[in-house]
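Reading through the structure tokens given below for one structure.
Just so it is clear, none of the values below were taken in a lab; they were calculated from the coordinates. Just so it is clear, the model here is predicted, and its values are computed rather than measured. When we count neighbours, we look across all protein chains shown, and the Cβ atoms used for this are built from the backbone with ideal geometry, even at glycine.
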Amino acid sequence: MYNRSPRLFWPIVLIGVGIIFLLNNMGIIVGSPWPVIWRMWPVLLIALGVEILLGRQGSAGAIVSGVIGLALVGFVLWILIARPPLPNFSFGGALETRTIEYPLKDIRSASVSIGFTTGSNQLDALSDSDKLIAGTINHYGTLNFDASDSGSQASVRLNNSSASFGFNFGGDSEERWNISLNPKVAYDLTLDMGVGQSTVDLSKLTVTGGRINAGVGTTDLRLPATGRFSMSIDGGIGTVRLRLPGSMALRVEVDTGIGTFNSGSRLNSRGDNVYETAGFSNADNAITLRVKVGIGTISVIDSE
């Protein structure tokens with residue numbers, strides 16, 4: 001009977017991911033490595049295709065599989081550590097700047113869906129404004145902005161239907177999304193953070209529910225200071241920091257992947273991957289988070 005030799009590609013890739021986490025925590029890899037890795041998806045596909053073609057059977061195939069895995073991990077580590085000034089190839093056309101806004105009118109509640117792409121993303125609250133939403137976006141590709149209202153309710157959809165793909169090893173993406181919402185409105189939020197560095201400050205907003213997909217990279221999420229609602233968070237790939245105001249109680253139901261959940265100082269384990277702050281059930285202001293860790297780290301951090 002023919003004995004199939006083990007393929008070494010995926011074990012080596014998993015070890016490489018662990019090395020990237022370790023070097024990032026040690027400060028040897030500066031900044032979030034995940035946007036860069038995400039932009040190298042054509043290289044990853046090529047390596048996988050070659051491994052499937054040449055590493056199928058036998059001891060020779062196992063050796064080929066291991067060599068391809070080592071070469072891929074070594075290449076990625078070299079890019080992340082050395083950060084060579086390779087060119088940035090963008091397939092989304094020229095960088096454009098667009099200002100978006102929609103009037104507040106008599107709107108009291110809104111369903112808002114935002115699909116960020118790559119680069120730096122920021123979402124926060126407007127100050128003393130007659131706008132429901134306002135923002136400035138530097139983007140590639142086609143930006144879609146659709147807003148409408150009926151009486152006191154509104155619907156807002158913002159995304160990019162033809163995002164850019166490229167290799168930007170020499171620096172951060174030029175794409176910038178700066179979006180602000182009016183604090184006088186209650187929001188059901190759906191946020192897809194895309195690839196990059198995201199800062200979401202909900203501390204001055206009223207939230208009734210929603211979903212956040214952290215995407216690839218680093219997401220810093222400041223939770224609301226008041227209200228009682230539930231929200232789902234998909235950790236994606238990278239780091240998510242959940243900043244919890246002292247006035248807010250929190251319950252977290254965790255679905256762990258291969259990543260890590262850090263509960264912080266206020267959360268107490270209730271068993272079965274459930275955590276609560278003291279007095280959660282009777283608190284006037286309380287959030288229930290259904291968290292899927294994914295690949296990376298999700299941490300709860302106390303804030304003022």
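So how do 114-122, 11-19 stack up, highest first, on mean other-Cβ count within 10 Å?
114-122, 11-19
Need the list of aspartates and glutamates near LYS292 for cross-linking: C-alpha distance under 12 angstrom, and skip anything on the same chain fewer than eight residues off.
Cross-link targets: ASP234, GLU253, ASP255.
For a quick check: sort LEU45, LEU8, LEU132 by the number of other beta carbons within 10 angstrom, fewest at the front.
LEU45, LEU8, LEU132
Of the beta bridges DSSP finds with both residues in the chain, what % are antiparallel, to the nearest 5?
Around 25 percent antiparallel, to the nearest 5.
What are the ³J(HN,Hα) values, in whole Hz, obtained from phi via the Karplus relation 6.51 cos²θ - 1.76 cosθ + 1.60 with θ = phi - 60°, for each residue of the stretch 146-151 in sequence order, with x given for Gly and Pro?
Values, residue by residue: 10, 9, 8, 8, 9, x Hz.
With the dipole of the chain worked out from charges on the C-beta (+1 for Lys and Arg, -1 for Asp and Glu) around the Cα centre, which of GLY141, VAL216, ALA60 lies farthest toward the positive end?
The listed residue farthest towards the positive side: ALA60.
Just to confirm the number: angle between the C-alpha axis of helix 41-54 and the first principal axis of the chain, 0 to 90 degrees, nearest 10?
30
Charges only on Cβ, +1 for Lys and Arg, -1 for Asp and Glu: so what's the dipole of the chain about the Cα centre, in debye to the nearest 20?
660
Given H placed 1.01 Å from N in the peptide plane, which residues other than close sequence neighbours of ALA186 have an amide H under 5 Å from its amide H?
SER109, ALA110
Return the long-range amide H neighbours of THR118 (sequence gap of 5 or more, or a different chain), with a cut-off of under 5 Å between placed amide H atoms.
VAL195
Can you sort ASP149, ASP128 by how many other beta carbons sit within 10 Å, fewest first?
Taking fewest neighbouring Cβ atoms as first place, the list is ASP128, ASP149.
So, with +1 on the Cβ of K and R and -1 on the Cβ of D and E, and no other charges, what is the size of the charge dipole of the stretch 243-283 about its Cα centre, to the nearest 20 debye?
Around 200 debye, computed over the stretch 243-283.
Convert each backbone phi in the stretch 253-263 into a coupling constant with the Karplus relation 6.51 cos²θ - 1.76 cosθ + 1.60 (shift: θ = phi - 60°), then list the ³J(HN,Hα) values in order as whole Hz, x for Gly and Pro.
Running phi through 6.51 cos²θ - 1.76 cosθ + 1.60 with θ = phi - 60° gives 9, 9, 10, 7, x, 9, x, 10, 10, 9, 7 Hz.
Fewest Cβ neighbours within 10 Å first, please rank LEU44, LEU72 accordingly.
Final ranking by Cβ density, sparse to dense: LEU44, LEU72.
Report, by chain and number, residues whose modeled amide H sits under 5 Å from the one on VAL240, excluding near sequence neighbours (fewer than 5 apart, same chain).
HN-HN under 5 Å from VAL240: THR219, THR297, ILE298, SER299.
Pick out, from PHE280, GLY16, ILE301, the residue whose Cα sits farthest towards the positive end of the charge dipole of the chain, with +1 on the Cβ of Lys and Arg and -1 on the Cβ of Asp and Glu.
GLY16
Run through the DSSP bridge list for the stretch 176-304 and note the antiparallel percent, rounded to the nearest 5.
10
For LYS204, which aspartates and glutamates qualify as cross-link partners when the Cα separation must be under 20 Å and same-chain residues fewer than eight apart are set aside?
GLU101, ASP106, ASP124, ASP128, ASP130, ASP188, ASP220, ASP284, ASP302, GLU304
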